[in-house]
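Below is one structure; the comments refer to it alone.
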Amino acid sequence: MTFALLLVACGGGGGGGPSGPPLVAFTGEISGQLVAPNGVTPIPGATVYIESPGASARVLPRGADNGACPAPQTQSEWTCSGTTGEFSFDVTGLPPGSTLHAEKGAWTLSQPLRFTAQSTGALGAVAFKTDTAAGAARIAVVTGDYDNIEYLLAKMGLGEVEDNDGLAARAGHAHVHAPRTTQVAPRSLPLKLGTEKFDLYDGNGALPSQYPDVDALFSTVNGQVRLYEYDIIYINCGADEPTTGSWRDLLSSYVSQGGALYVTDQSSVWLEGFTDYLQPAQDWGEGVGELTARVVNTAMATWLGGVTCAGGDCITGEQIQIEGMLSGWHLAQPVPGAVTPLVRADVSAAGFPGNTDAILTLTFRHGQGQVVYSSYHVSHDAPEEGYLPQERVLEYLFFSETP
């Protein structure tokens, strides 16, 4: 299902209200930056195009690399947002009533372009919204003992983060990975519960009782399994497995029909139904405070070079530093040639002797959908301000690997 967002941009796209100057046709350059709902994180590789009601209007994309994003379903001229989310068009006689559109996987937006005689074409930051009725993706998150992707989603504008006191309390709840049979006390969540713009499912007994448990994601509502209501599903490390007997088949079917599934670390068991791509993960990783990894996906490495992390650059060459690899972390075992590696590392000193080029982050297509797995995740020692490099990687994957 496709949704549309109608909003008035600040700067060049505004004006022309009931008491303002009249709207006019615009000639010149229209430029902007496509960003996440937080208004800051750049979104590369999105399809951007302009629809105009005027047959005589001329719209030409500037600096387009149309191989980096799919063509829109309309006949409009189009371009792809660049590494920093930038896009631009040269237009001639673009009339009032024209609309800027952007599409990135399950995310869409539509922004009216309104120009007066005093307008420039500089739109500034053009942000995806958090409301599904306005084009946001429909997202479900299953909580877990060790990961906290909901915190990162909140930092991206899909919720509010707890204040400094809440974050300080979180630091006292760090856990060491334990066997799946070991009970681990729930920890506090730095996401301010109730502010999330996605649906939370309790996968580790940490949420208040008003939140549904993980089995509800596989329940049937009005004749349809609930997980089909979502474009994206996140499974945090340490999430309980569902008790529904057919959950693996349902999850595989969900992805094959166009869903996006993100899984981290010890929740690798959630991917055991994807046997064409993955063998059971090895689960004896040793804890390391910091691990040097290589980003082998060129687009991701380029994007990381354009954003900042706490303390400075996120990437040096192709290397990033990963923190918080705790005892018992899982290493995926891909079927040869069946997955696309994104991040690799030498893990020979982290419990896997001789494995000097292990795949830590991977993706694969399954039917019409996409699966992403990462051996690392949000760290309990994440800074209060800024991002760790691994958080930036996960942030990038949030948009880039959504079908």
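The values are calculated or read from the model by the stated rules, or taken from the named source; none is laboratory data. Everything quoted here is computed from the prediction, not taken from an experiment. Because the Cβ atoms are built from the backbone with ideal geometry, glycine has one as well, and the counts that use them run over all protein chains shown.
Filter the stretch 66-92 for residues that are among the hydroxyl-bearing types (Ser, Thr, Tyr) and either assigned by TED's automatic domain parsing to the domain that holds GLU395 or part of a loop (DSSP other than H, G, I, E, B) (or both); which is surrounded by the fewest Cβ atoms within 10 Å (Cβ to Cβ)?
THR74
Picking from ALA185, ALA178, ALA117, which residue would you name as being surrounded by fewer than 23 Cβ atoms within 10 Å (Cβ to Cβ), modelled with pLDDT of 90 or more and assigned to a loop (DSSP other than H, G, I, E, B)?
On inspection, the qualifying residue turns out to be ALA117.
Of all residues being of a type in the set (S, T, N, Q) and either more than 26 Å from the chain's Cα centre (by Cα) or part of a loop (DSSP other than H, G, I, E, B) (or both) in the stretch 340-367, which is surrounded by the most Cβ atoms within 10 Å (Cβ to Cβ)? Just the residue, please.
ASN355
It is to be established whether one or more residues within the stretch 380-399 are within 17 Å of ASP283 (Cα to Cα) and of a type outside the set (S, T, N, Q).
no
Would you check which residues across the stretch 371-403 are over 17 Å from VAL288 (Cβ atoms), more than 11 Å from the chain's Cα centre (by Cα) and in a strand (DSSP E or B) and list them?
VAL371, TYR373
Does ALA382 satisfy the criteria of being closer than 26 Å to VAL161 by Cβ and either of a type in the set (A, V, I, L, M, F, W, C) or in the same structural domain as ALA46 (by TED's automatic domain parsing) (or both)?
yes
Yes/no matrix, rows are residues, columns are (1) touching a residue at least 40 places away in the same chain (Cβ under 8 Å); (2) assigned to a loop (DSSP other than H, G, I, E, B):
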{"site": "GLY238", "(1), (2)": "yes, yes"}
{"site": "GLY245", "(1), (2)": "no, yes"}
{"site": "GLY258", "(1), (2)": "yes, yes"}
{"site": "PRO280", "(1), (2)": "yes, no"}
{"site": "PRO336", "(1), (2)": "no, yes"}
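Taking the criterion of being at pLDDT 95 or above, more than 27 Å from GLU241 (Cα to Cα) and over 18 Å from the mean Cα position of the chain (by Cα), would at least one residue in the stretch 261-283 satisfy it?
no
Filter the stretch 306-339 down to residues that are among the aliphatic types (A, V, I, L, M) and touching a Gly at 6+ places or on another chain (Cβ under 8 Å) and give me whichever is surrounded by the most Cβ atoms within 10 Å (Cβ to Cβ).
For the stretch 306-339, the residue satisfying everything is MET325.
If you go through the stretch 289-342 one residue at a time, how many are of a type outside the set (S, T, N, Q), touching a Leu at 6+ places or on another chain (Cβ under 8 Å) and under 10 Å from PRO389 (Cβ atoms)?
Total satisfying the criteria: 9.
Mind listing whichever residues of the stretch 134-149 are surrounded by fewer than 18 Cβ atoms within 10 Å (Cβ to Cβ) and modelled with pLDDT under 95?
ALA134 - this is the single residue of the stretch 134-149 that is surrounded by fewer than 18 Cβ atoms within 10 Å (Cβ to Cβ) and modelled with pLDDT under 95.
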